[in-house]
Amino acid sequence: MYQLKFDQKVCASCRSADCLLKCQYMTFSGHKEAHGEMMKIMKGKDSRVLSECMTCYACEEYCTRGNHPFYLISEKREEKGMFTAPRPITNQWINMTVMQGKCLVGNVKDKALSCCYIPDLGPLGSGEIFKDVADAGVFGAEFMCPAVHTHFARMSVIKERLPIVIDNYRKLGVKEVICLHDECYGTLTSIASAYGMEVPFQPVYYLDYVLQRMKELKDKIKPLNITVAYQRSCSNRLIPDKHALVKKIFTLIGVKAPKRTYQDENALCCAEILRSISGYKLADDVQKRNIDDMLAAGAEYCVFNCPACQTSLAEKVSKRGLKPLHIIDLCKMAIGEKEREAAS
Ligand code: SF4
Ligand code: SF4
C-alpha cells in the first residue's frame, strides 16, 4: 500500500504554521496553538482539527514548505475512523464512481483529452481551441481522478484506485494527458507525487493548453470588455502555481476581474461538499458571502474553472443576476464561437 510522504522534521521546525493559521474554518490564538495542533496530528494524537476541518483543501496551498497537511489530516481521520460525512453519503460517492468497464475512448494517439467522469467536459473540449485533440477524448470512472474521496477521509480508496487510473492511461500508450478537470491534474501531480506513484506520461493542465491556443488564435480575439468574478475551485489549491494562468487568460481576452475579498488565497469554495459535511447553515453562509462579494465587485459574469462548482452555483448566481460561464466558454466567446446572449 502506498504511504503518504510527510516530512515530520519540516513541520517540527516550522515557524509559520500557516496551514492552520490561514484556515478559513478554524481559528487559533497564534502560532503556538496552531503548530501544537499540527504536531499532535503528526504524532497520531487527538486534535480538534480532525473534527473541525471542512476539507476545503486550502492548507495544501498555505503550506509552502512542501508538506501535505490536508492529506495528513485525511489519513489520520481514516486511521481513527473519524469520517466527515454520514456513512450513506461516503458510500454513495464510493459506489457511484466505481469502475464498471463502461468508459469511452476516442481516437487516442500520443495525446488524450481527459474528461474525467464529468459529462459537461466533453462539449467544453471542442471547437477551434481543441481542434487537434477534441476527438481524443476519454471519459468514465476508469479515467476519473479519485480525489473527491479526500473530502470523506477515504484515502484508502484513492490509494487503491489512482494507480489503476494511471495504468489505464498508460495502456492507451499516450505521452500526454490534457486534463480538462483541474482536480485530475492536481491528482496526477500533487497526490500521485505525495504518495510516490509514478506517472508514466505527462499530465497537461488544460489552462496551459488553452492559454497557448488563445495566443495562437490571437487574430480572432475580440476583447470582451466585461467584468467577471472568478470562482476558484477547491482542487485548484492542490496546484497553486497554476492559479496565475486565469489572470493571463483574462488579460489576453479583455476581461476585467476587479479585486474581491474572497479571491486568490482567500477564495471560498463552491461549498456543496461543505453541505454534505457540515450541513446547510455553513454551506448557505459561504455561498451567500461569496455571491455578495461577486456582486459588490461589480461582476456581470461568474466564471468557473470546475464544472462541479458550476453545477453547484450556476442557478444561485443566476438568481442574483450574474451570468454563469465556464472559462473555456469565455474563451470561445472571445473568438466568436459562442454568442454573448447564450452565456447565461
Ligand atoms: S504543514 Fe507546512 S505550514 Fe503546516 S506546520 Fe507543517 S510545514 Fe508548517
Ligand atoms: S482543508 Fe481547509 S478546513 Fe481543513 S484544515 Fe485545511 S484549510 Fe482548514
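Please treat every number below as a calculation from the coordinates, not as lab data. Because the structure is predicted, anything quoted here is derived from the model rather than measured. For neighbour counting, all protein chains shown are included, and Cβ atoms are generated from backbone atoms with ideal geometry for every residue, glycine included.
So what is the relative contact order for the chain, in percent, with contacts set as C-alpha pairs under 8 Å and at least six apart? Walk me through the numbers on the way to the answer.
Values: 560 pairs, mean separation 53.5, N = 344.
Relative CO of the chain lands at 16 percent.
In the elastic network of the chain, a GNM with C-alpha springs shorter than 10 Å, the most mobile of Ile226, Ile249, Ile178 is Ile226.
Relative to the longest principal axis of the Cα atoms of the chain, the long axis of helix 87-96 lies at roughly 40 degrees.
Close amide H contacts of Ile226 (hydrogens built in the peptide plane, cut-off under 5 Å, sequence separation of 5 or more or a different chain): Lys256. For the range 218-343, a crude dipole built from +1 on the beta carbon of Lys and Arg and -1 on the beta carbon of Asp and Glu, taken about the Cα centre, is about 200 debye to the nearest 20. Taking only the alpha carbons of the range 112-178, we obtain Rg and Dmax values of 13.1, 40 Å in that order. Taking Gln202, Gln231, Gln287 as the candidate residues, the one with maximal mean-square fluctuation in a Gaussian network model of the chain, Cα springs under 10 Å, is Gln202. Distance from the alpha carbon centroid of the range 75-105 to that of the range 204-282 works out to 28 angstrom. Cα extents for the range 8-80 along the principal axes, largest to smallest and rounded to whole angstrom: 28, 25, 21.
Which three semi-axes in whole Å describe the equivalent ellipsoid of the chain, each the square root of 5 times a Cα gyration tensor eigenvalue, listed largest first?
Working: eigenvalues 203, 129, 66 Å².
After scaling each eigenvalue by five and taking roots: 32, 25, 18 Å.
Taking every C-alpha pair closer than 8 Å and separated by at least 6 residues, the mean separation divided by the residue count of the range 144-232 gives a relative contact order of 26 percent. Largest mean-square fluctuation among Arg232, Arg289, Arg154, in a Gaussian network model of the chain whose springs join Cα atoms under 10 Å apart, belongs to Arg289.
Treating the angle as unsigned and between 0 and 90°, give the value, to the nearest 10°, between the Cα long axis of helix 31-42 and the longest Cα principal axis of the chain. Between helix and principal axis, roughly 80 degrees.
For the chain, take the longest principal axis of its alpha carbons; what is the angle in degrees between that and the long axis of helix 155-172, to the nearest 10 within 0 to 90? Approximately 40 degrees, to the nearest 10.
At 0.36 nm per residue, minus the direct Cα-Cα distance, what do Glu339 and Glu52 gain on full extension? Give it in nm, one decimal, please.
Working it through step by step, the gained length comes to 98.9 nm.
Couplings 3J(HN,Hα) for the range 244-251, derived from phi with the Karplus relation 6.51 cos²θ - 1.76 cosθ + 1.60 (θ = phi - 60°), are 5, 4, 4, 5, 4, 5, 4, 4 Hz, where x marks Gly and Pro.
Would the range 87-210 count as rounded, prolate or oblate if I go by the C-alpha gyration tensor, calling it rounded below 1.5 in a/c and otherwise prolate when a/b exceeds b/c, oblate otherwise? Since a/c reaches 1.5 and a/b is larger than b/c, the shape of the range 87-210 is classed as prolate. If both residues of a DSSP beta bridge must be in the chain, then about 10% of such bridges are antiparallel. Normalised by 2.2 N^0.38 Å, with N the number of residues, the alpha-carbon radius of gyration of the range 181-233 equals 1.57.
Given 20 °C and 1.002 mPa s, how large is the Stokes-Einstein diffusion coefficient of the range 218-343 in µm²/s, with Rh as the Kirkwood radius over Cα pairs?
Details: Rh = 14.8 Å.
In µm²/s, the coefficient is 145.
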